[in-house]
Amino acid sequence: MPLNILVVGAGICGPAFATLLQRSNPMHKITILERYESLRTAGQQVDLKTQAPHILRKMGLMEEIQSRCVNETGLEMVDSSNNRTAYFPAASAGERRPGLTSEHEIMRGDMVQVLYDASVKQDDTLKGRLENHGGLHYEFGRTITALNQSSEGVNVTFSDGKKGHFDLVVAADGQASRTRRLAFGKEISDAAFKSLNIHGAYFSIPRIEGEGSLARGHLAPGRRMIVTRTSDRPVTGVLMFTMRKSDRLSASYNESQESQKEAFVEIFNDNEWQTDRLIEGLRSSKDFYADEIGQIKMSQLSTGRVVLLGDAGYCPSPFTGLGTNLCLMGAYILAGELARQGSDIKMALKSYEDKMRPIVDECQQFSSTGLGLFFPSSRIGVWSMTKLVWAVSKVNGLFPQFSKVDTHEDKIPDYPELNLEE
Ligand SMILES: Cc1cc2nc3c(=O)[nH]c(=O)nc-3n(C[C@H](O)[C@H](O)[C@H](O)COP(=O)(O)OP(=O)(O)OC[C@H]3O[C@@H](n4cnc5c(N)ncnc54)[C@H](O)[C@@H]3O)c2cc1C
C-alpha cells in the first residue's frame, strides 16, 4: 500500500532514505522539509567508512561520490613552529587506526548535493514513466511546529500554520532534532544528548603556500586543538576544538552566528600557531558552523508513527568519524524494512530498531576519558601528549595488521524489495 510520508531534514540521511524508499514503491508520496531556504551545504570533510561505500554502491552513486572525493593523504601533527611531531597516513575504508584521514573523504556539501540530485533525478524519471507515481517533493524554508498522533497516523502543523496528515513522520533533522523533541517530549529528548564536553567550530579560509594534501593538527595548551585540511583544494578547512569550559560559548549557540564566532575568538586568540590567519579567517568565513559535540542515545528509535533517523536518533559524534556511515545504514535499513513489511508500519519500525541497535552500539563505543588526554591544559601536558602521539604513530606504522577491521559488508541486510541494481 502506498504511504504518505513526511521526512523532516534534507541533510544526508533524509534524501538517501527517500531515494531508497521511492525505488521500492514509486507510489509512495514523500515530502521532505528543510528549514533553510536552500540545501544546507555547510560543513567540512565527512568520512565514508565501513558500510557507507557499500550502500552508496548499491544506490549506484559510488562513482559520482568518488569523483568528488577530496585528496587527503594523511595527517601530520605540528608544533607552533610548524615542525612535524608525528605522521599518520590515510587509512583504508576497512581500517580503524589512529589518525584522521580515511580512504574516502568528501566535503559534506558535496555529499548532500549528490544525494539531493539523485533523488530529484529519480523522481523525474519515474514521473515520466508512470502516470500515478506518488512523487517526492522538497519544501525549503519550512519546518514543523506540532505533532499529534492517532492510530491512523500523524497530524502535523507546519511553521506557516498549515496542517497535514501523514502515515509516517521520519525525523532526519540532525543532532538537535526538533521532531524528536515534539514526538518524545523535551525531557527525554534533551536527556538523550550526552555531551563530550567539547565544542567544535568548522570553517574555510584561503589556502596558503605549503598546504597540499596533508592535513595538519596542532595541540595547544588551554585544552585546545586545531586541524587544517586543504586536501588539494583551493581553500583550507579549519576545525577548532576546545574542552575549555566557557559559559559564553555555551550560551552563544542560542545567539547569532557572530556571537558564536566571537566566543571561539575569545578562546583561540592567544593560541601560538597561525593565530592571525586563523582568527581573521574565522571572523570573515562565510561557511562557519559550530556545535557542542556529543552523542545521541535514545532507548527507543520510534514512538507511534514517528521514527528517528541518522544524527537525530543516534549521532555517534564527529570524533568517531562514523556519523555518515551510521546515517546511511539507518536510511537503507529503514527503507528496506518499510519495503518488506508493506503497510505494517509497526512491524517495520520494530525490525528497524532491532537491526540498528547493535550497529549503533558498536559505532557509539567511545572513550570520552581517553579523548580528554588530547586536550592538555598546560605546556608540559602538551609536551607529554606530543611524545605519546609520536609513539602511537610509530607503533601504528610498524603493526598495520592490528588496525584492520571488518568492513561489515556482511552486516548489511539484503533487501531485494528495494529494487537496487548492483
Ligand atoms: C551545517 C552542518 C555541518 C556539519 N559539518 C560536519 C563536519 O564538518 N564533519 C562531520 O563529520 N559532520 C558534520 N556534520 C554532521 C553530519 O552531517 C552528520 O553527522 C551525519 O552525516 C548525519 O547526517 P544527518 O542527515 O542525520 O544530519 P545532518 O547532516 O545534520 O542534517 C540535518 C538536516 O536537517 C535540517 N534541519 C534541522 N532542523 C530542522 C527542522 N526543525 N526542520 C527542518 N529541517 C531541519 C538541517 O538544516 C540539515 O539540513 C554537519 C552537520 C550540519 C547540519
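The values are calculated or read from the model by the stated rules, or taken from the named source; none is laboratory data. Small disclaimer: the values here were computed from a predicted structure and weren't measured. No Cβ is skipped: glycine too gets one built from the backbone with ideal geometry, and neighbour counts run over all protein chains shown. Surface accessibility is based on the protein's heavy atoms, side chains included, excluding ligands, DNA and RNA. Shrake-Rupley method; radii C 1.70, N 1.55, O 1.52, S 1.80 Å.
For this structure, a couple of remarks:
- The range 175-225-the range 1-73 distance, computed between alpha-carbon centres (Å): 21
- Residues in the chain average 44 Å² of solvent-accessible surface per residue, probe 1.4 Å, ligands and nucleic acids excluded.
- Annotation: the range 261-300 has a Kirkwood hydrodynamic radius of 12.1 angstrom, from the mean reciprocal C-alpha pair distance.
- For the chain, a crude dipole built from +1 on the beta carbon of Lys and Arg and -1 on the beta carbon of Asp and Glu, taken about the Cα centre, is about 700 debye to the nearest 20.
- Charge dipole of the chain about the Cα centre (unit charges at C-beta), most positive-ward option of SER102, ALA312, SER343: ALA312
- Theoretical gain in end-to-end length, GLU292 to SER343 [0.36 nm per residue, Cα-Cα removed]: 14.5 nm
- Set LYS297/LYS350; LYS194/LYS297; LYS346/LYS411; LYS186/LYS245; LYS194/LYS245; LYS355/LYS411 screened for pairs whose C-alpha atoms are more than 19 Å apart: LYS346/LYS411; LYS186/LYS245
- Per-selection Kirkwood Rh - the range 251-317 (Cα, Å, 1 d.p.): 14.6
- Volume per residue for the chain equals 139 cubic angstrom (convex hull of Cα atoms).
- Sulfur and carbon atoms: percent of accessible area, the chain [1.4 Å]: 50
- Site pair LYS394 and ASN71 shows an inter-label distance of 3.2 nm when each label is modelled 7 Å from Cα along Cα→Cβ.
- In nm, spacing of pseudo-spin labels at LYS186 and VAL265 (7 Å Cα→C-beta vector): 3.3
- For the range 1-150, the Cα-based Rg and Dmax, in that order, read 19.1, 66 Å.
- The chain - Cys residues lacking any other Cys C-beta under 4.7 Å: CYS69, CYS315, CYS363
- Under 14 Å, Cβ to Cβ, from GLU64 - net charge with Lys/Arg +1 and Asp/Glu -1: +1
- Charged-residue dipole, Cβ positions (Lys, Arg, Asp, Glu), the range 293-352 about Cα centre, Debye nearest 20: 160
- Across every pair of non-identical alpha carbons in the range 276-388, the mean reciprocal distance, once inverted, gives a Kirkwood radius of 16.9 Å.
- At an R0 of 56 angstrom, the distance between the Cβ atoms of ASP79 and GLU139 translates into a FRET efficiency of 0.65.
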